[in-house]
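Okay, structure first, notes after.
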Amino acid sequence: MIEYIMPITIGIAIGLAIGYVIAKFLEKSKSSKLIRQTKKEAFSIMREAKIEAEAVKLDKILQAKEKFIELKSEHEKVIIARDKKIADSEKRARDKESQISQELDKNKKINAEIEGKIEDYDAKMEYLERRTEEVDKLHRKQVDNLEVISGLSAEDAKKELVNSLKDQAKADAMAYIQETIEESKLTAQQEARKVILNTIQRVGVEQTVENCVSVFNIESDDVKGRIIGREGRNIRALEAETGVEIIVDDTPEAIILSCFDPVRREIARLSLHNLVTDGRIHPARIEEIVKKTEKQIQQEIIEIGKRTVIDLGIHGLHPELIKTIGRMKYRSSYGQNLLQHSREVANLCGIMAAELGLNAKLAKRAGLLHDIGKVPETESELPHALLGMQWAEKYNENAEVCNAIGAHHDEIEMKYMISPIVQVCDAISGARPGARRQVLDSYIQRLKDLEEIALGFLGVQKAYAIQAGRELRVIVESEKVSDAKAGELSFSISQKIQNDMTYPGQVRVTVIRETRSVNIAK
């Protein structure tokens, strides 16, 4: 058994040794083949890299040559331009040398002529000196002869001549001074007119003359009946709340609102518009809408004031002054809208101050505020200029602005340069033809006086002048005035109007006493 196993083991060992040798040989053959292939690829890559390097080298050489050619061309252009400048400079230098040489030749000729003239002059001066000596001798001889004939010495005659010349010189001087003064006045007037005309020419503001009537348009005549209400109660309620006379006549699709106060008229118009739009028209609703409209108008007044100061480029005004400026829209002065007038005066002042080299912004500010005293919330006995000055001082306005406001009607002394400018521009805006109407202002003042007389009686709650001042409607407090006293009050008011006022035609005084009972169902 052992004899068989031993040969097999030896055979296996020999087989393993031969396999190992063959595997090593095959592995070595494969490694050498891989090395040869890698070397071949490396050689190929190096050859391609050399080719690419040659191509890049040729490209860079070409770029360098092109850059060189470009720089060479630019350098040649610079050299050519410099050569041209040098040639031009040389040409100008040659021309200048030629010109200088010509001028030198000319100067030589002139010098020769001057020398000849000097010689002639010297000869003439010698001759003149000789003639002067001869004339002096003759003059002395004549003076001696005149002294003998006149009996006066030369000094006495000289004094008399000087005195006569002095009198003549004084007369001539006075005439010249007078002529100069007149010419200066004329020139000054012309310059002043020129400044004013330029100012007026650069400002064109259309003037709107406020009427006392507004027309409220409605969609159809059916709405008129709803506005009038049962037995006219809606009309009466609206008139009592707004103080505006509402005229409903045969005019198609229109209702007329009559009142001298444009604020009241605007409140009535807007209230009517809101009532018609809402559709609920009755006395309680009318009171509510009128109160809301009054608040709306007050807000609109503030907005108008803000827009005005922004348009004119005026900054830093106190809110109360801005509100006062807004109220100017609903006021007129002799038929001229006060806000339009103040805007125009502000523009005129700014332009005129700029023409005269003064502070244009300050002048424009004073021009806008100069008539704020015309829109007081309560009546005042002070002139509007002084009242406006007090308001401006109260709200810390500049001293120059305050003085210009107070002095534009000469109530106080003018202390600053812009004060006369405001006065002049106010006159330009208000005094030109067509700007104002005296009649309308006196008419409005008469209506205000009518209302003031009625409000002065005890128990009067509201008073409205309507129908162009032919009727005064007085609303009294029912708790303070009885029915019997209402008639007495009507008579007393009519007598006071008759005694204190001057008016055309007749004034009817209507006293309205209304009682109202209100209960709330819970």
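Tabulated values for the structure
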| quantity | calculated |
| --- | --- |
| In the stretch 441-452, residue modelled with the highest pLDDT [restricted to those that are open to solvent by less than 20 Å² (accessible area, probe 1.4 Å) and either farther than 23 Å from residue 238 by Cα or touching a helix residue (DSSP H, G or I) at 6+ places or on another chain (Cβ under 7 Å) (or both)] | 450 |
| Residue in the stretch 479-486 that is within 16 Å of residue 260 (Cβ to Cβ), assigned to a helix (DSSP H, G or I) and open to solvent by 40 Å² or more (accessible area, probe 1.4 Å) present | no |
| Where residue 499 falls short, out of the listed (1) open to solvent by 20 Å² or more (accessible area, probe 1.4 Å); (2) closer than 19 Å to residue 240 by Cβ | (2) |
| Pairs where the first residue, in the stretch 459-474, is assigned to a strand (DSSP E or B) and open to solvent by 40 Å² or more (accessible area, probe 1.4 Å) and the second is of a type in the set (S, T, N, Q) and modelled with pLDDT of 85 or more, C-beta under 6 Å, 6+ apart | 473/510 |
| Subset of the stretch 239-269 that is in contact with a Ser or Thr (Cβ under 7 Å, 6 or more places away or on another chain) and assigned to a helix (DSSP H, G or I) - its residue that is farthest from residue 450 (Cα to Cα) | 269 |
| Exclusive hit being in contact (Cβ under 8 Å) with a residue 24 or more places away in the chain, more than 30 Å from residue 390 (Cα to Cα), of a type outside the set (Asp, Glu) and open to solvent by 20 Å² or more (accessible area, probe 1.4 Å), set 263, 290, 276 | 276 |
| Inter-residue pairs, beta-carbon under 6 Å, first modelled with pLDDT under 85 and in the stretch 503-515, second in a loop (DSSP other than H, G, I, E, B) and surrounded by 14 or more Cβ atoms within 10 Å (Cβ to Cβ), 6+ apart | 515/478 |
| Some residue of the stretch 361-375 being surrounded by fewer than 22 Cβ atoms within 10 Å (Cβ to Cβ), of a type outside the set (A, V, I, L, M) and under 20 Å from the mean Cα position of the chain (by Cα) | yes |
| Residues that are in contact (Cβ under 8 Å) with a residue 40 or more places away in the chain, closer than 21 Å to residue 423 by Cα and not β-branched (Val, Ile, Thr), drawn from the stretch 314-342 | 321, 328, 331, 332, 333, 334, 335, 336, 337, 340, 341 |
| Test: residue in the stretch 394-402 that is of a type outside the set (A, V, I, L, M, F, W, C), part of a helix (DSSP H, G or I) and crowded, with 24+ Cβ neighbours inside 10 Å | no |
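The values are calculated or read from the model by the stated rules, or taken from the named source; none is laboratory data. On a predicted model such as this, the values are computed, not experimentally measured, just so you know. Here Cβ is always computed from backbone atoms with ideal geometry, including for glycine, and neighbour counts include all displayed protein chains. All accessible areas refer to the heavy atoms of the entire protein, side chains included, with ligands and DNA or RNA removed. Shrake-Rupley method; radii C 1.70, N 1.55, O 1.52, S 1.80 Å.
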